[in-house]
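Shown next, in structure tokens, is the structure this report addresses.
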Amino acid sequence: MIHDPGLLERLGGLPREKFEGDCFRATPLSLDPLAPSTRGGRWAPPDETAVLYTSLMREGALAEIAFHWGQLSPLPSKPATLHHLHVTTRKTLRLIRTDLEALGVAAADYAGINYSQTQAIGAAVAFLECDGLIVPSVRWECDHLVIFHDHHDVQQDELKVINTEEVDWLAWGREHGLLSSE
């Protein structure tokens with residue numbers, strides 16, 4: 001991917017931080033919770049960089065899976081697996097909503113599923129060899145941590161599962177108003 005030089009300059013001027021803490025990831029029952037994805041998403045173009053999407057709150061991870069699985073027809077009936085992870089990163093960029101607007105992501109469009117600008121930002125962050133990106137959640141009042149697998153140093157940085165539990169994602173989504181109660 002060819003990166004916008006202005007975007008690289010703006011992102012390159014932002015401070016990097018170390019992150020050490022807990023995060024959460026909701027997955028299908030059989031998925032390895034530490035396996036990164038190359039399928040793409042809000043912060044990564046498909047087949048370009050391997051990422052691990054996590055949330056800094058349990059509810060943030062559940063809100064994401066409820067949204068994505070709620071788009072499927074028929075709705076999956078199996079429970080989700082919620083993983084509590086402990087992570088350390090050393091070169092993580094943190095973006096707040098005003099940063100996103102300055103980077104061309106309109107507040108009104110952020111909740112949508114047109115990911116072109118956020119994917120360009122994520123690809124540029126990976127190009128700058130950051131190992132993580134902390135961004136506001138669209139679906140819950142919390143932040144998400146996107147881990148860029150190719151730049152996360154597994155020899156020096158931690159990425160481990162603390163706990164795993166099965167969650168009835170349908171009931172959770174309906175209870176929190178993210179799914180219709182049909």
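The values are calculated or read from the model by the stated rules, or taken from the named source; none is laboratory data. Quick caveat: nothing in here was measured; it's all calculated off a predicted structure. Glycine gets a Cβ as well: all are built from the backbone with ideal geometry, and neighbour counts include every protein chain shown.
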- Tally, over region 7-28, of residues that are closer than 30 Å to Trp69 by Cα and either small (Gly, Ala, Ser) or at pLDDT below 95 (or both): 2
- Going through region 77-108 one residue at a time, which ones are out of contact with any strand residue (DSSP E or B) (no Cβ under 7 Å at 6 or more places or on another chain) and touching a residue at least 12 places away in the same chain (Cβ under 8 Å)? Ser77, Lys78, Asp99, Leu100, Ala102, Leu103, Gly104, Val105
- Item | Flag if Glu59 is farther than 17 Å from Asp168 by Cα and among the acidic types (Asp, Glu) | no
- For Gln117: the one exception among (1) outside any helix (DSSP H, G or I); (2) touching a residue at least 12 places away in the same chain (Cβ under 8 Å); (3) not aliphatic (A, V, I, L, M): (1)
- Task: For region 30-52, indicate whether the set of residues that are in a strand (DSSP E or B), modelled with pLDDT of 95 or more and in contact with a Leu (Cβ under 6 Å, 6 or more places away or on another chain) is non-empty.
- Result: no
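A quick yes/no check of all residues on (1) polar (S, T, N, Q); (2) farther than 21 Å from Gly21 by Cα; (3) touching a helix residue (DSSP H, G or I) at 6+ places or on another chain (Cβ under 9 Å); (4) surrounded by 21 or more Cβ atoms within 10 Å (Cβ to Cβ):
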{"residue": "Asp131", "(1), (2), (3), (4)": "no, no, yes, yes"}
{"residue": "Ile134", "(1), (2), (3), (4)": "no, no, no, no"}
{"residue": "His144", "(1), (2), (3), (4)": "no, no, yes, yes"}
{"residue": "His152", "(1), (2), (3), (4)": "no, no, no, yes"}
{"residue": "Asn163", "(1), (2), (3), (4)": "yes, no, no, no"}
{"residue": "Glu166", "(1), (2), (3), (4)": "no, yes, no, no"}
- Task: Search region 22-36 for residues that are farther than 19 Å from Glu158 by Cβ and crowded, with 24+ Cβ neighbours inside 10 Å and pair each with any residue that is small (Gly, Ala, Ser) and modelled with pLDDT of 95 or more when their beta-carbon atoms are under 8 Å apart and the residues are at least 6 apart or on different chains.
- Result: Ala26/Ala61; Ala26/Ala80
- Task: State whether one or more residues within region 10-17 are under 18 Å from His149 (Cβ atoms) and either among the basic types (Lys, Arg) or within 13 Å of the chain's Cα centre (by Cα) (or both).
- Result: yes
- Task: At least 3 residues that are more than 17 Å from Ala35 (Cβ to Cβ) in each: list the strands (runs of 3 or more DSSP E) lying fully within region 132-182 that qualify.
- Result: 132-136, 159-167
- Task: Have a look at Gly177, Gly112 and point out the one that is over 17 Å from the mean Cα position of the chain (by Cα) and either among the basic types (Lys, Arg) or over 25 Å from Gly12 (Cα atoms) (or both).
- Result: Gly177
- Hey, can you tell me all the residues within region 67-98 that are of a type outside the set (Lys, Arg) and assigned to a strand (DSSP E or B)? Ala80, Thr81, Leu82, His83, His84, Leu85, His86, Val87, Thr88, Thr89, Thr92, Leu93
- Task: Using the structure shown, decide if Ala44 is touching a Lys or Arg at 6+ places or on another chain (Cβ under 8 Å) and either within 25 Å of Asn114 (Cβ to Cβ) or exposed (fewer than 15 other Cβ atoms within 10 Å of the Cβ) (or both).
- Result: no
